[in-house]
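All remarks here apply to the structure that follows.
The values are calculated or read from the model by the stated rules, or taken from the named source; none is laboratory data. Since we're looking at a predicted model, the values are computed, not measured. Backbone-built Cβ (ideal geometry, glycine too); neighbour counts: all protein chains shown.
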Amino acid sequence: MKIGYLIQLAEEIRKPPYSGPANHVRQVVLELARRGHEVRTLFRFENKIWKSDDLQVFERASPTPLDRGVLRLIEKASRRLQSELHLTYLAFFESLRFALACRQELAGCQILFERLSWMAYGGQLAARWLKIPWVLEYNGNPLHDLEAKGIAPAGFQRKIAETITRVGLRSADHVAATGEGWRSSCVSEWGVLPEKVTTVENGSGLTRLLHTGQLRAFQVDRSPDRPVQLVYLGGFYPWHGVDILLRAVSRALNQGTCLKLVMIGSGHGFEEAKRLADELGIGIWVSFRGQLTVEEYASILAESDIGLSPYCGWREYSGLKLFDYKAAGLGIIASGEEGNPATLEHGRTGWIVPPCDEDALLAAILQLSADHDLCKKMGRSARLEAEKLHGWDRTVEKLEQIFTASLAGKQAALPNEGAK
(Lines give C-alpha, C1' and ligand atoms only; values in the text may rest on other atoms or scores of the structure.)
Protein backbone atom coordinates (compact mmCIF):
# COMPACT_ATOMS: atom_id res chain seq x y z
CA MET A 1 0.00 0.00 0.00
CA LYS A 2 1.24 3.48 -0.81
CA ILE A 3 0.60 5.75 2.16
CA GLY A 4 1.01 9.47 2.75
CA TYR A 5 1.71 10.22 6.42
CA LEU A 6 0.85 13.85 7.19
CA ILE A 7 1.65 16.20 10.05
CA GLN A 8 0.66 19.78 9.32
CA LEU A 9 2.10 21.02 12.63
CA ALA A 10 5.01 18.74 13.43
CA GLU A 11 7.66 18.51 16.10
CA GLU A 12 11.28 17.82 15.20
CA ILE A 13 11.34 14.34 13.65
CA ARG A 14 14.53 14.72 11.62
CA LYS A 15 17.19 14.32 14.29
CA PRO A 16 17.43 12.94 17.82
CA PRO A 17 16.70 13.17 20.63
CA TYR A 18 13.05 12.81 19.74
CA SER A 19 10.09 13.93 21.83
CA GLY A 20 7.35 11.41 22.64
CA PRO A 21 5.15 12.52 19.72
CA ALA A 22 8.12 12.53 17.33
CA ASN A 23 9.16 9.06 18.44
CA HIS A 24 5.59 7.85 17.93
CA VAL A 25 5.54 9.18 14.37
CA ARG A 26 8.89 7.64 13.51
CA GLN A 27 8.06 4.25 14.97
CA VAL A 28 4.74 4.02 13.10
CA VAL A 29 6.29 5.06 9.78
CA LEU A 30 9.28 2.74 10.13
CA GLU A 31 7.08 -0.20 11.11
CA LEU A 32 4.81 0.43 8.12
CA ALA A 33 7.90 0.33 5.92
CA ARG A 34 9.13 -2.87 7.60
CA ARG A 35 5.80 -4.46 6.74
CA GLY A 36 6.27 -3.68 3.06
CA HIS A 37 4.33 -0.43 2.64
CA GLU A 38 5.62 2.55 0.70
CA VAL A 39 5.36 5.59 2.98
CA ARG A 40 6.09 9.22 2.22
CA THR A 41 6.02 11.52 5.22
CA LEU A 42 5.01 15.12 4.55
CA PHE A 43 5.19 17.57 7.42
CA ARG A 44 5.35 21.25 8.23
CA PHE A 45 8.04 22.32 10.68
CA GLU A 46 9.25 25.85 11.40
CA ASN A 47 7.03 27.21 8.59
CA LYS A 48 8.62 24.96 5.97
CA ILE A 49 7.14 21.85 4.39
CA TRP A 50 9.41 18.80 4.32
CA LYS A 51 9.20 15.34 2.80
CA SER A 52 10.94 12.03 3.37
CA ASP A 53 10.60 8.50 2.05
CA ASP A 54 12.72 6.83 4.75
CA LEU A 55 13.01 9.29 7.69
CA GLN A 56 16.74 9.46 7.03
CA VAL A 57 16.92 11.85 4.09
CA PHE A 58 14.72 14.95 4.30
CA GLU A 59 14.06 17.39 1.48
CA ARG A 60 12.03 20.56 1.13
CA ALA A 61 8.75 19.98 -0.66
CA SER A 62 8.40 21.62 -4.06
CA PRO A 63 7.05 25.18 -4.04
CA THR A 64 3.29 25.41 -4.51
CA PRO A 65 1.39 27.98 -6.61
CA LEU A 66 0.75 29.82 -3.34
CA ASP A 67 4.47 30.47 -2.90
CA ARG A 68 4.85 32.70 -5.91
CA GLY A 69 3.18 35.30 -8.12
CA VAL A 70 -0.18 36.93 -7.57
CA LEU A 71 -1.38 34.37 -5.03
CA ARG A 72 1.60 35.12 -2.81
CA LEU A 73 0.81 38.85 -2.95
CA ILE A 74 -2.82 38.16 -2.05
CA GLU A 75 -1.70 36.11 0.92
CA LYS A 76 0.61 38.85 2.19
CA ALA A 77 -2.09 41.47 1.88
CA SER A 78 -4.63 39.26 3.64
CA ARG A 79 -2.27 38.53 6.51
CA ARG A 80 -1.49 42.22 6.96
CA LEU A 81 -5.18 43.06 7.01
CA GLN A 82 -5.90 40.27 9.50
CA SER A 83 -3.13 41.46 11.80
CA GLU A 84 -4.06 45.14 11.70
CA LEU A 85 -7.80 44.59 12.17
CA HIS A 86 -7.41 41.65 14.58
CA LEU A 87 -9.67 39.49 12.44
CA THR A 88 -10.49 35.88 13.28
CA TYR A 89 -7.65 33.51 12.43
CA LEU A 90 -8.71 30.64 10.15
CA ALA A 91 -5.30 29.12 9.28
CA PHE A 92 -6.53 29.22 5.69
CA PHE A 93 -3.29 29.88 3.86
CA GLU A 94 -1.29 27.40 5.96
CA SER A 95 -3.85 24.68 5.28
CA LEU A 96 -4.21 25.55 1.61
CA ARG A 97 -0.43 25.54 1.11
CA PHE A 98 -0.15 22.17 2.87
CA ALA A 99 -3.01 20.74 0.78
CA LEU A 100 -1.32 21.90 -2.43
CA ALA A 101 1.94 20.34 -1.30
CA CYS A 102 0.11 17.07 -0.60
CA ARG A 103 -1.42 17.10 -4.06
CA GLN A 104 2.00 17.64 -5.63
CA GLU A 105 4.08 15.28 -3.50
CA LEU A 106 1.65 12.45 -2.78
CA ALA A 107 0.23 11.70 -6.21
CA GLY A 108 -0.32 7.97 -6.48
CA CYS A 109 -0.90 7.44 -2.76
CA GLN A 110 -3.82 5.19 -1.92
CA ILE A 111 -4.52 6.65 1.50
CA LEU A 112 -3.65 9.67 3.63
CA PHE A 113 -2.95 9.09 7.32
CA GLU A 114 -2.67 12.30 9.34
CA ARG A 115 -1.71 13.07 12.91
CA LEU A 116 -4.30 15.60 14.08
CA SER A 117 -2.96 19.14 14.35
CA TRP A 118 -4.72 22.13 15.86
CA MET A 119 -6.41 24.47 13.37
CA ALA A 120 -5.17 22.42 10.42
CA TYR A 121 -7.23 21.05 7.55
CA GLY A 122 -4.76 20.73 4.69
CA GLY A 123 -4.91 16.92 4.71
CA GLN A 124 -8.68 17.02 4.60
CA LEU A 125 -8.62 19.22 1.49
CA ALA A 126 -5.95 17.09 -0.18
CA ALA A 127 -7.86 13.86 0.38
CA ARG A 128 -10.91 15.36 -1.31
CA TRP A 129 -8.88 16.50 -4.28
CA LEU A 130 -7.11 13.16 -4.61
CA LYS A 131 -10.34 11.21 -3.93
CA ILE A 132 -8.65 8.85 -1.50
CA PRO A 133 -9.43 7.90 2.12
CA TRP A 134 -8.32 10.20 4.91
CA VAL A 135 -7.66 8.59 8.30
CA LEU A 136 -6.99 10.79 11.32
CA GLU A 137 -4.81 9.85 14.27
CA TYR A 138 -6.30 11.38 17.43
CA ASN A 139 -3.87 11.83 20.31
CA GLY A 140 -6.14 13.83 22.56
CA ASN A 141 -8.24 16.96 22.62
CA PRO A 142 -5.89 19.77 21.52
CA LEU A 143 -7.89 22.24 23.62
CA HIS A 144 -6.96 20.41 26.81
CA ASP A 145 -3.30 20.79 25.93
CA LEU A 146 -3.69 24.50 25.16
CA GLU A 147 -5.70 25.09 28.33
CA ALA A 148 -3.06 23.36 30.45
CA LYS A 149 -0.44 25.65 28.89
CA GLY A 150 -2.61 28.73 29.45
CA ILE A 151 -2.81 29.62 25.74
CA ALA A 152 -6.25 28.34 24.76
CA PRO A 153 -8.27 30.63 22.46
CA ALA A 154 -11.35 32.37 23.78
CA GLY A 155 -14.60 33.80 22.47
CA PHE A 156 -15.39 33.60 18.77
CA GLN A 157 -11.87 32.43 17.93
CA ARG A 158 -12.40 29.40 20.14
CA LYS A 159 -15.71 28.60 18.45
CA ILE A 160 -14.05 28.78 15.04
CA ALA A 161 -11.22 26.49 16.17
CA GLU A 162 -13.64 23.99 17.71
CA THR A 163 -15.73 23.96 14.54
CA ILE A 164 -12.68 23.24 12.38
CA THR A 165 -11.68 20.36 14.67
CA ARG A 166 -15.21 18.96 14.86
CA VAL A 167 -15.76 19.07 11.10
CA GLY A 168 -12.40 17.42 10.51
CA LEU A 169 -12.98 14.58 12.94
CA ARG A 170 -16.49 13.93 11.64
CA SER A 171 -15.37 14.10 8.01
CA ALA A 172 -12.53 11.61 8.36
CA ASP A 173 -13.11 8.18 6.87
CA HIS A 174 -11.93 6.78 10.18
CA VAL A 175 -10.26 7.96 13.39
CA ALA A 176 -7.50 5.98 15.12
CA ALA A 177 -7.52 7.05 18.79
CA THR A 178 -4.32 6.29 20.69
CA GLY A 179 -6.14 5.42 23.93
CA GLU A 180 -9.57 4.34 25.09
CA GLY A 181 -9.99 7.68 26.86
CA TRP A 182 -9.29 9.51 23.62
CA ARG A 183 -11.79 7.30 21.82
CA SER A 184 -14.43 8.35 24.34
CA SER A 185 -13.40 11.97 23.81
CA CYS A 186 -13.96 11.68 20.07
CA VAL A 187 -17.46 10.36 20.59
CA SER A 188 -18.62 12.48 23.54
CA GLU A 189 -16.82 15.79 22.93
CA TRP A 190 -16.70 15.94 19.14
CA GLY A 191 -19.74 13.88 18.14
CA VAL A 192 -17.91 11.35 15.98
CA LEU A 193 -19.92 8.19 15.31
CA PRO A 194 -18.64 5.40 17.59
CA GLU A 195 -18.25 2.98 14.67
CA LYS A 196 -15.86 5.42 13.02
CA VAL A 197 -13.39 5.45 15.93
CA THR A 198 -11.01 2.61 16.80
CA THR A 199 -8.59 2.51 19.72
CA VAL A 200 -5.06 1.85 18.52
CA GLU A 201 -2.71 1.85 21.49
CA ASN A 202 0.86 3.08 21.24
CA GLY A 203 3.74 0.64 21.26
CA SER A 204 7.25 0.40 22.61
CA GLY A 205 10.50 -0.23 20.81
CA LEU A 206 11.98 -1.59 24.02
CA THR A 207 10.41 -4.99 23.44
CA ARG A 208 13.07 -5.35 20.74
CA LEU A 209 15.89 -3.33 22.30
CA LEU A 210 15.84 -5.09 25.69
CA HIS A 211 15.71 -8.82 26.38
CA THR A 212 14.41 -10.15 29.67
CA GLY A 213 17.86 -11.10 30.94
CA GLN A 214 18.75 -7.39 31.06
CA LEU A 215 15.80 -6.44 33.24
CA ARG A 216 15.89 -6.21 37.03
CA ALA A 217 12.49 -7.87 37.34
CA PHE A 218 13.97 -11.08 35.91
CA GLN A 219 17.23 -11.01 37.90
CA VAL A 220 18.14 -12.34 41.30
CA ASP A 221 18.83 -9.31 43.47
CA ARG A 222 22.25 -9.90 44.98
CA SER A 223 22.37 -6.44 46.60
CA PRO A 224 19.27 -6.14 48.80
CA ASP A 225 20.63 -2.99 50.43
CA ARG A 226 21.10 -1.07 47.23
CA PRO A 227 18.83 1.98 46.72
CA VAL A 228 15.56 1.36 44.94
CA GLN A 229 15.82 3.16 41.60
CA LEU A 230 12.77 5.14 40.52
CA VAL A 231 12.58 6.54 37.01
CA TYR A 232 10.42 9.21 35.40
CA LEU A 233 10.29 9.51 31.61
CA GLY A 234 8.40 12.37 29.97
CA GLY A 235 7.69 16.09 29.96
CA PHE A 236 7.67 18.72 32.68
CA TYR A 237 4.45 20.62 32.07
CA PRO A 238 2.18 21.07 35.13
CA TRP A 239 -0.13 18.19 34.11
CA HIS A 240 2.78 15.74 34.24
CA GLY A 241 2.70 15.99 38.04
CA VAL A 242 6.46 16.33 38.45
CA ASP A 243 6.14 18.68 41.44
CA ILE A 244 3.88 16.19 43.24
CA LEU A 245 6.34 13.41 42.44
CA LEU A 246 9.33 15.32 43.82
CA ARG A 247 7.48 16.15 47.03
CA ALA A 248 6.43 12.53 47.49
CA VAL A 249 10.01 11.36 46.93
CA SER A 250 11.24 13.93 49.45
CA ARG A 251 8.81 12.61 52.05
CA ALA A 252 9.82 9.01 51.31
CA LEU A 253 13.49 9.88 51.81
CA ASN A 254 12.68 11.70 55.06
CA GLN A 255 10.99 8.52 56.27
CA GLY A 256 14.21 6.60 55.73
CA THR A 257 13.45 4.87 52.43
CA CYS A 258 16.64 4.13 50.51
CA LEU A 259 15.95 5.28 46.97
CA LYS A 260 17.11 7.44 44.12
CA LEU A 261 15.18 9.03 41.28
CA VAL A 262 16.24 9.42 37.64
CA MET A 263 14.38 12.07 35.63
CA ILE A 264 14.53 11.71 31.83
CA GLY A 265 13.18 14.46 29.60
CA SER A 266 13.44 18.20 29.03
CA GLY A 267 11.47 21.21 27.91
CA HIS A 268 9.11 23.60 29.68
CA GLY A 269 9.29 23.19 33.44
CA PHE A 270 12.62 21.34 33.46
CA GLU A 271 14.59 24.06 35.26
CA GLU A 272 11.74 24.62 37.73
CA ALA A 273 11.82 20.91 38.59
CA LYS A 274 15.57 21.06 39.24
CA ARG A 275 15.10 24.08 41.50
CA LEU A 276 12.32 22.34 43.40
CA ALA A 277 14.54 19.29 44.00
CA ASP A 278 17.22 21.58 45.45
CA GLU A 279 14.68 23.46 47.58
CA LEU A 280 13.44 20.16 48.99
CA GLY A 281 17.00 19.16 49.79
CA ILE A 282 16.92 16.02 47.64
CA GLY A 283 19.19 17.14 44.81
CA ILE A 284 21.83 14.49 45.57
CA TRP A 285 19.22 11.71 45.25
CA VAL A 286 17.68 13.01 42.02
CA SER A 287 19.47 12.80 38.69
CA PHE A 288 18.20 14.95 35.80
CA ARG A 289 19.42 13.32 32.59
CA GLY A 290 17.74 15.59 30.05
CA GLN A 291 16.33 14.47 26.70
CA LEU A 292 17.71 11.10 25.63
CA THR A 293 17.23 8.83 22.64
CA VAL A 294 15.36 5.56 23.06
CA GLU A 295 18.66 3.71 22.84
CA GLU A 296 20.13 5.89 25.58
CA TYR A 297 17.30 5.62 28.06
CA ALA A 298 16.68 1.90 27.42
CA SER A 299 19.63 0.90 29.62
CA ILE A 300 18.48 3.26 32.40
CA LEU A 301 15.02 1.70 32.46
CA ALA A 302 16.52 -1.78 32.42
CA GLU A 303 18.46 -0.94 35.58
CA SER A 304 15.47 0.63 37.36
CA ASP A 305 12.87 -0.86 39.67
CA ILE A 306 9.86 1.48 39.51
CA GLY A 307 8.51 3.63 36.68
CA LEU A 308 6.41 6.69 37.55
CA SER A 309 3.54 8.32 35.66
CA PRO A 310 2.01 10.91 38.04
CA TYR A 311 -0.35 12.74 35.65
CA CYS A 312 -2.34 15.54 37.29
CA GLY A 313 -5.01 17.52 35.45
CA TRP A 314 -4.77 15.43 32.29
CA ARG A 315 -7.88 13.62 31.08
CA GLU A 316 -6.17 10.62 29.49
CA TYR A 317 -3.74 8.69 31.64
CA SER A 318 -2.10 6.58 28.96
CA GLY A 319 1.12 7.64 27.30
CA LEU A 320 4.24 6.30 25.64
CA LYS A 321 6.02 6.12 28.99
CA LEU A 322 3.68 3.41 30.24
CA PHE A 323 4.44 1.14 27.31
CA ASP A 324 8.18 1.68 27.74
CA TYR A 325 7.88 0.97 31.47
CA LYS A 326 6.00 -2.24 30.76
CA ALA A 327 8.52 -3.32 28.13
CA ALA A 328 11.34 -2.66 30.63
CA GLY A 329 9.66 -4.83 33.26
CA LEU A 330 9.22 -2.06 35.81
CA GLY A 331 6.86 -1.92 38.73
CA ILE A 332 4.67 0.95 37.57
CA ILE A 333 2.96 3.58 39.70
CA ALA A 334 0.54 5.58 37.56
CA SER A 335 -2.25 8.12 38.02
CA GLY A 336 -5.64 6.91 36.90
CA GLU A 337 -9.38 6.84 37.47
CA GLU A 338 -12.58 5.43 35.98
CA GLY A 339 -10.81 2.47 34.39
CA ASN A 340 -7.86 4.45 33.06
CA PRO A 341 -5.14 3.86 32.16
CA ALA A 342 -6.68 0.90 30.38
CA THR A 343 -3.25 -0.55 29.63
CA LEU A 344 -2.62 -1.31 33.34
CA GLU A 345 -4.36 -3.72 35.68
CA HIS A 346 -4.07 -2.59 39.27
CA GLY A 347 -1.98 -4.96 41.36
CA ARG A 348 -0.96 -7.12 38.40
CA THR A 349 0.80 -4.96 35.80
CA GLY A 350 0.81 -1.67 37.69
CA TRP A 351 -0.27 0.26 40.76
CA ILE A 352 -2.90 2.92 40.04
CA VAL A 353 -3.27 5.94 42.33
CA PRO A 354 -5.72 8.88 42.21
CA PRO A 355 -4.42 11.83 40.18
CA CYS A 356 -2.90 14.79 42.03
CA ASP A 357 -2.88 12.82 45.29
CA GLU A 358 0.55 13.23 46.88
CA ASP A 359 -0.32 11.05 49.87
CA ALA A 360 -1.46 8.16 47.67
CA LEU A 361 1.63 8.49 45.49
CA LEU A 362 3.86 8.46 48.57
CA ALA A 363 2.10 5.38 49.95
CA ALA A 364 2.59 3.54 46.65
CA ILE A 365 6.28 4.46 46.52
CA LEU A 366 6.77 3.27 50.09
CA GLN A 367 4.90 0.02 49.48
CA LEU A 368 6.65 -0.99 46.25
CA SER A 369 10.06 0.12 47.55
CA ALA A 370 9.63 -2.14 50.56
CA ASP A 371 7.95 -5.09 48.82
CA HIS A 372 10.57 -6.15 46.26
CA ASP A 373 8.72 -9.37 45.45
CA LEU A 374 5.50 -7.54 44.55
CA CYS A 375 7.41 -4.97 42.51
CA LYS A 376 9.23 -7.66 40.53
CA LYS A 377 6.11 -9.74 40.07
CA MET A 378 4.27 -6.78 38.55
CA GLY A 379 7.28 -5.96 36.40
CA ARG A 380 7.47 -9.49 35.00
CA SER A 381 3.74 -9.53 34.26
CA ALA A 382 3.99 -6.13 32.57
CA ARG A 383 6.92 -7.22 30.39
CA LEU A 384 5.24 -10.44 29.26
CA GLU A 385 2.09 -8.50 28.39
CA ALA A 386 4.16 -5.92 26.50
CA GLU A 387 5.73 -8.66 24.39
CA LYS A 388 2.28 -9.86 23.38
CA LEU A 389 0.44 -6.56 23.00
CA HIS A 390 2.70 -3.53 22.85
CA GLY A 391 5.19 -3.98 20.04
CA TRP A 392 4.86 -1.39 17.30
CA ASP A 393 4.00 -4.28 14.98
CA ARG A 394 0.73 -4.72 16.87
CA THR A 395 -0.02 -1.00 16.58
CA VAL A 396 0.59 -0.99 12.86
CA GLU A 397 -1.33 -4.22 12.34
CA LYS A 398 -4.45 -2.47 13.65
CA LEU A 399 -3.74 0.54 11.45
CA GLU A 400 -3.47 -1.73 8.43
CA GLN A 401 -6.92 -3.09 9.18
CA ILE A 402 -8.30 0.45 9.35
CA PHE A 403 -6.57 1.45 6.11
CA THR A 404 -7.85 -1.62 4.26
CA ALA A 405 -11.44 -1.09 5.43
CA SER A 406 -11.32 2.65 4.64
CA LEU A 407 -9.93 1.99 1.18
CA ALA A 408 -12.63 -0.60 0.47
CA GLY A 409 -15.31 1.80 1.70
CA LYS A 410 -14.04 4.63 -0.48
CA GLN A 411 -13.81 2.44 -3.58
CA ALA A 412 -17.35 1.16 -3.00
CA ALA A 413 -18.66 4.73 -2.68
CA LEU A 414 -17.00 6.13 -5.81
CA PRO A 415 -19.39 4.52 -8.38
CA ASN A 416 -22.35 5.89 -6.44
CA GLU A 417 -20.82 9.36 -6.44
CA GLY A 418 -20.25 9.15 -10.17
CA ALA A 419 -23.86 8.17 -10.81
CA LYS A 420 -25.24 11.24 -9.12
- Item | Which numbered condition VAL192 fails, given (1) touching a residue at least 24 places away in the same chain (Cβ under 8 Å); (2) surrounded by 19 or more Cβ atoms within 10 Å (Cβ to Cβ) | (1)
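Considering only the range 238-245, I want to know if a residue exists there that is closer than 22 Å to LEU344 by Cα, assigned to a helix (DSSP H, G or I) and not aliphatic (A, V, I, L, M). Reasoning before the result, please.
So the first thing to find is which residues in the range 238-245 are closer than 22 Å to LEU344 by Cα, and the list is 239-242, 244-245.
Now restrict to residues that are assigned to a helix (DSSP H, G or I): 239-240, 242, 244-245.
This time we only want the ones that are not aliphatic (A, V, I, L, M), so: 239-240.
Yes, some residue in the range 238-245 is closer than 22 Å to LEU344 by Cα, assigned to a helix (DSSP H, G or I) and not aliphatic (A, V, I, L, M).
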- Message: Being small (Gly, Ala, Ser) and more than 30 Å from VAL39 (Cα to Cα) is true for just one of ALA386, ALA328, ALA405, ALA334. Which residue is that?
- Response: ALA334
- Give the residue, chosen from VAL231, VAL249, that is touching a residue at least 40 places away in the same chain (Cβ under 8 Å), β-branched (Val, Ile, Thr), part of a helix (DSSP H, G or I) and surrounded by 22 or more Cβ atoms within 10 Å (Cβ to Cβ). VAL249
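Which residue, of ARG14, ARG35, ARG44, ARG103, is among the charged types (D, E, K, R), at pLDDT 95 or above and under 18 Å from LEU136 (Cβ atoms)?
Working: ARG14 fails: under 18 Å from LEU136 (Cβ atoms); ARG35 fails: under 18 Å from LEU136 (Cβ atoms); ARG103 fails: under 18 Å from LEU136 (Cβ atoms).
Going through ARG14, ARG35, ARG44, ARG103 in turn, the sole match is ARG44.
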- Could you please let me know if LEU366 is of a type in the set (A, V, I, L, M, F, W, C) and under 24 Å from the mean Cα position of the chain (by Cα)? no
- Message: Quick check on this structure: which one of GLY319, GLY409, GLY313, GLY336 is of a type outside the set (D, E, K, R) and not assigned by TED's automatic domain parsing to the domain that holds LEU246?
- Response: GLY409
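Scan the range 17-31 and tell me whether some residue there is small (Gly, Ala, Ser), free of Cβ contacts under 8 Å to residues at least 60 places away in the same chain and part of a loop (DSSP other than H, G, I, E, B). Let's see the steps before the verdict.
As a first pass, look at the range 17-31 and keep what is small (Gly, Ala, Ser): 19-20, 22.
Imposing the further condition that a residue be free of Cβ contacts under 8 Å to residues at least 60 places away in the same chain reduces the set to 22.
Checking the rest, the ones that are also part of a loop (DSSP other than H, G, I, E, B) come to none.
No, there is no match, as no residue in the range 17-31 is small (Gly, Ala, Ser), free of Cβ contacts under 8 Å to residues at least 60 places away in the same chain and part of a loop (DSSP other than H, G, I, E, B).
Give the residue, chosen from SER309, SER299, that is among the polar types (S, T, N, Q), in contact with a Leu (Cβ under 9 Å, 6 or more places away or on another chain) and surrounded by fewer than 24 Cβ atoms within 10 Å (Cβ to Cβ).
Details: SER309 fails: surrounded by fewer than 24 Cβ atoms within 10 Å (Cβ to Cβ).
The conditions single out SER299.
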- Query: Do you know which residues across the range 257-295 are part of a strand (DSSP E or B) and of a type in the set (Phe, Trp, Tyr)?
  - Reply: PHE288
- Give the range 365-393 a look and list any residue that's closer than 17 Å to LYS326 by Cα and either free of Cβ contacts under 8 Å to residues at least 40 places away in the same chain or surrounded by fewer than 18 Cβ atoms within 10 Å (Cβ to Cβ) (or both), or say none. HIS372, ASP373, LEU374, LYS377, ARG380, SER381, LEU384, GLU385, GLU387, LYS388, LEU389, ASP393
- Message: I need the full set of residues from the range 213-227 which are among the polar types (S, T, N, Q) and at pLDDT below 90, in order please.
- Response: SER223
- Note on the structure: Scanning the range 106-122 for residues that are over 16 Å from ALA161 (Cα atoms) and crowded, with 21+ Cβ neighbours inside 10 Å gives LEU106, CYS109, ILE111, LEU112, PHE113, GLU114, ARG115
- If THR178 satisfies every condition in (1) surrounded by 21 or more Cβ atoms within 10 Å (Cβ to Cβ); (2) without any contact (Cβ under 8 Å) to a residue 24 or more places away in the chain but one, which is the exception? (2)
- Just one of ARG35, ARG72, ARG97 is within 18 Å of LEU399 (Cα to Cα) and either out of contact with any His (no Cβ under 8 Å at 6 or more places or on another chain) or not acidic (Asp, Glu) (or both); which is it? ARG35
